[in-house]
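Take a look at the structure below.
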Amino acid sequence: GLQELGVANGEDLKETLTNCTEPLKAIEQFQTENGVLLPSLQSALPFLDLHGTPRLEFHQSVFDELREKLLERVSAIALEGKVEERYKKLEDLLEKSFSLVKMPSIQPVVMCVMKHLPKVPEKKLKLVMADKDLYKACAVEVKRQIWQDNQALFGDEVSPLLKQYILEKENILFSNDISVLHNFFSPSPKTRRQGEVVQKLTQMIGKNVKLYDMVLQFLRTLFLRTRNVHYCTLRAELLMSLHDLEISEICTVDPCHKFTWCLDACIREKFVDNKRARELQGFLDGVKKGQEQVLGDLSMILCDPFAINTLALSTIRHLQDLVGQDTLPRESPDLLLLLRMLSLGQGAWDMIDSQVFKEPKMEAELITKFLPMLMSFVVDDHTFNVDQKLPSEEKGPIPYPSTIPEAFTKFLLENRIACEIGLYYILHITKQRNKNAFLRLLPALVETFSDLAFSDIFLHLLTGNLTLLGDEFALEEFCTSLFDGFFLTACSRKENVHRHVLRLLLHLHHKVAPAKLESLQKALEPTKQSGEAVKELYNQLTEKLELRKPSPAEVTETPSMELPLPTVPTPASR
C-alpha cells in the first residue's frame, strides 16, 4: 500500500542495496530521503546516539504520537463545519489511506475514518466484509452498514447472543438457591435490561431501524419455532433499553412503544392500577382497522412471563377485593381488562402462527363460573378461619373442605386462562402458608392445560413458596400428597420436573421424615436416559444425605451406653 502513496518500503531498500556499489552511502541516502524531514532534527539525532537510543525506537515514538494526533483530528473533523464539507474531507482521507488498511500500525486511523462516515462507499464495505481480520477490527458503526444489507451475516452475529440469553433465563429457573424472596421475577425491569445480551444487542442496533426490525423478525421466528416465551421477554427488554437511551428514531416507529412503556411501569410495581389499566385499554381500543397486525406484536409483549406474572397477580388481588365488596367478576371492568390482556398474551403464538390478527374471544364461563368458583375458595378459607376462633364448646370440630368441584379440574385442563389464574391462586395460598387449601387443590394440578403445572416457571415459584411450609414436610400425609400425588406423576416423562424435585429436596431434605426421604431417594434415582443436570443434582443430594448419617463409630458406641444396671435389693426384700 505504501508504493501506491509514493512512499518507499522494504522492497525499495532491498532493490537499492542490490544495485549499488557503496551500500553504506545508499543506506544513508535512503534514511535522509525517507526520515523525518525537519532540518533542526538532523543535528539533534546524534544526541540520541550518545544515549544509546536506537533510531527505530525514536521513529516509532514519533510515529505513535503522530497517529494519536491524527486520530484526534479525524474525530474533530467529524464534528466541525457543515455536514457536507466534513464528510467530503473524511471521504477524501479514506480514499488516500484505505490502501494501508492492512498495515497494523496505520489500520486504527483508517478504521476511525470509516467509523465517522455515515455511509462508507459500497466497494470498501465489500473489501472489509471479505477479509475476516478487517471485519473483526472495524467499529460497530461500520458493521451496522454491512449488516443492514446482509441479514445472514447479522444473524450469525446475533444468534450466539440469543442462545446465551435463553441459557441465562433457564439457569435462573433451575438455580439451587430456592427462596420466596429472591426468585425469577425479583429483578426490576431496569435491572434486567442492564444484562450483557440486551446491552450488546442495543449497541449493535444503534439507531438503525432496519437492524431493529431484523432482530424482531429473528425473535418472532424463534418464538414460533420453539414456543419459548423468553424471546417475548427479550422483545420487550430490547425496546425499553432503546427507550432508556432515548433512541427516538426507533421508539417513534415501533407502534408498541407507549403500550410497552406503560406495561413496564406495571411490571415494576407488580400490579396494574386503575390509571394504568385505562391507559393500556386505550392502546388496545385504539388499534385501527387495517393496522390489526400490531396486535401480533402487542400479544408478544403480553406473552412475556413478567407481564403474565403481573397480570395474574393483579387478577388474584382483584378477586380478593371483589369478595370483600360482594361483587361478581362480570361487574368489574378492571378485572375484565386484565383477562383481556391475559387472553391476548396467551394467544400470542397462535396469532403469529396463523397470521390472523384478531383478539381471542373470551369464554363467558371463565367469568361467570370459574372466577366465582375461585372466590368461593377464598370464602371457604375465611369461614374456616372464623369457625376456628369460635369457642369450642359451642360446636364440634369443623373439618376443612377437602373436595374440589369437578368443574375446577375441568377448567384447569381445558381453558388456558383459567389454568394460568388457577395456578397463580395456588401459588398465592402456598405463599400464605395455607396448607389446607394447598392440599385441597393440589390433585387438580396433575392434569392441566398443556401441562402448565409442570412448566419451569410455575415449578420454580412453587418450590420457592413451599419453603414457607418447611415444617409440614415432616408429615407423611403432606409428603405423600405433594410427592407421590403430584411431582412423581411426571418425573419419569418430564426431566425438568425431576430437576425441580431434586432442587427442592436439596433445600429441605433435613425437614423430611427419614423413611420418606429414603423412598424418595429411590424413586428419584436417575436412569440411563437422564441428563447430566439430573445426575449432578442427584449426586449432590446423595452426598448431603451421606453427611447426615451417623458415623460407624457413633453407632458402635451407642449400645455401651445402654448396659443393664446392677440390681440393688430394696429394703423390703431384705
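The values are calculated or read from the model by the stated rules, or taken from the named source; none is laboratory data. Just so it is clear, the model here is predicted, and its values are computed rather than measured. Here the Cβ is made from the backbone with ideal geometry for all residues, glycine too, and neighbour counts use every protein chain on show. In case anyone asks, the SASA skips ligands and DNA or RNA and just uses the protein heavy atoms, side chains included. Shrake-Rupley method; radii C 1.70, N 1.55, O 1.52, S 1.80 Å.
Table: residues versus (1) part of a helix (DSSP H, G or I); (2) open to solvent by 70 Å² or more (accessible area, probe 1.4 Å); (3) under 23 Å from L234 (Cα atoms).
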site	(1), (2), (3)
T310	yes, no, yes
T315	yes, no, no
L319	yes, no, no
L322	yes, no, no
M351	yes, no, yes
E359	no, no, yes
Task: Total residues in segment 451-508, condition farther than 20 Å from E170 by Cβ and of a type in the set (K, R) - done: 0
Open item on the list: Return the pair list, or none, for Cβ contacts closer than 7 Å from residues in segment 147-176 that are within 13 Å of E196 (Cβ to Cβ) to residues that are open to solvent by 70 Å² or more (accessible area, probe 1.4 Å), at least 6 apart or on different chains.
Closed with: L161/K200
Open item on the list: Looking at segment 17-40, I want the residues that are more than 22 Å from S61 (Cβ to Cβ) and assigned to a helix (DSSP H, G or I) and have a partner that is open to solvent by less than 70 Å² (accessible area, probe 1.4 Å) and β-branched (V, I, T) with Cβ atoms under 7 Å, at least 6 apart or on another chain. Which pairs are those?
Closed with: A26/T16
Task: Pairs, first outside the structural domain of E472 (by the TED database) in segment 512-524, second open to solvent by 10 Å² or more (accessible area, probe 1.4 Å), C-beta under 9 Å, six or more apart - done: none
Open item on the list: Contact list please: Cβ distance under 7 Å, first residue in segment 527-546 and open to solvent by less than 80 Å² (accessible area, probe 1.4 Å) and at pLDDT 90 or above, second residue in a helix (DSSP H, G or I) and of a type in the set (D, E), pairs at least six apart or on different chains.
Closed with: S530/E495; G531/E495; V534/E495
- [ ] Determine whether segment 281-289 contains at least one residue that is among the aliphatic types (A, V, I, L, M), surrounded by fewer than 22 Cβ atoms within 10 Å (Cβ to Cβ) and in contact (Cβ under 8 Å) with a residue 12 or more places away in the chain.
- [x] yes
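Does S299 fit the bill of being of a type in the set (S, T, Y), closer than 16 Å to R340 by Cα and in contact (Cβ under 8 Å) with a residue 12 or more places away in the chain? Explain how you work it out, then say what you get.
On the way: of a type in the set (S, T, Y): yes; closer than 16 Å to R340 by Cα: yes; in contact (Cβ under 8 Å) with a residue 12 or more places away in the chain: yes.
Answer is yes for this residue.
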- [ ] Would you mind finding the one in S179, S159 that is of a type in the set (S, T, Y) and not in a helix (DSSP H, G or I)?
- [x] S179
TODO: Go through segment 113-123 residue by residue and tally those that are closer than 16 Å to E141 by Cα and open to solvent by 20 Å² or more (accessible area, probe 1.4 Å).
DONE: 6
TODO: Kindly check whether there is at least one residue in segment 206-221 that is out of contact with any Leu (no Cβ under 7 Å at 6 or more places or on another chain), farther than 28 Å from E122 by Cα and modelled with pLDDT of 95 or more.
DONE: yes
Task: Subset tally (residues that are open to solvent by 20 Å² or more (accessible area, probe 1.4 Å) and either in contact with a strand residue (DSSP E or B) (Cβ under 7 Å, 6 or more places away or on another chain) or assigned to a helix (DSSP H, G or I) (or both)) for segment 125-139 - done: 9
Open item on the list: One residue is enough: does segment 412-421 have a residue meeting the conditions over 20 Å from R317 (Cα atoms), at pLDDT below 95, open to solvent by 10 Å² or more (accessible area, probe 1.4 Å) and in contact with a helix residue (DSSP H, G or I) (Cβ under 8 Å, 6 or more places away or on another chain)?
Closed with: no
Open item on the list: Considering only residues that are surrounded by 14 or more Cβ atoms within 10 Å (Cβ to Cβ) and more than 16 Å from the chain's Cα centre (by Cα), which ones fall in segment 225-243?
Closed with: L242, H243
Task: Test result for I205, open to solvent by less than 10 Å² (accessible area, probe 1.4 Å) and more than 20 Å from the chain's Cα centre (by Cα) - done: no
TODO: Examine segment 391-411 for a residue that is open to solvent by less than 60 Å² (accessible area, probe 1.4 Å), within 26 Å of the chain's Cα centre (by Cα) and at pLDDT 95 or above, and state whether such a residue exists.
DONE: no
Open item on the list: Given (1) farther than 15 Å from Y538 by Cα; (2) modelled with pLDDT of 95 or more, identify the lone condition not met by A515.
Closed with: (2)
Task: Given (1) within 43 Å of the chain's Cα centre (by Cα); (2) on the phi > 0 side of the Ramachandran plot, number of the condition S75 does not satisfy - done: (2)
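Out of the residues in segment 167-183 meeting the condition of being of a type in the set (A, V, I, L, M, F, W, C) and surrounded by fewer than 18 Cβ atoms within 10 Å (Cβ to Cβ), tell me which one is nearest to K119 (Cα to Cα).
L167
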- [ ] Answer with yes or no whether L50 is aliphatic (A, V, I, L, M), surrounded by fewer than 10 Cβ atoms within 10 Å (Cβ to Cβ) and out of contact with any helix residue (DSSP H, G or I) (no Cβ under 6 Å at 6 or more places or on another chain).
- [x] yes
Task: Of the criteria (1) more than 27 Å from L452 (Cβ to Cβ); (2) surrounded by fewer than 17 Cβ atoms within 10 Å (Cβ to Cβ), which one K516 fails - done: (2)
Open item on the list: Can you pull out every residue in segment 265-280 that is assigned to a helix (DSSP H, G or I) and either out of contact with any Pro (no Cβ under 7 Å at 6 or more places or on another chain) or open to solvent by 80 Å² or more (accessible area, probe 1.4 Å) (or both)?
Closed with: A265, C266, R268, E269, N274, K275, R276, A277, R278, E279, L280
TODO: For segment 243-253, indicate whether the set of residues that are within 24 Å of L337 (Cα to Cα) and either of a type outside the set (S, T, N, Q) or touching a strand residue (DSSP E or B) at 6+ places or on another chain (Cβ under 9 Å) (or both) is non-empty.
DONE: no
Task: Test: E28 is of a type in the set (D, E, K, R), at pLDDT below 70 and either open to solvent by 100 Å² or more (accessible area, probe 1.4 Å) or farther than 25 Å from M103 by Cα (or both) - done: no
Task: Which listed residue, of S299, S332, S343, is at pLDDT 95 or above, over 25 Å from L462 (Cβ atoms) and not aliphatic (A, V, I, L, M) - done: S299
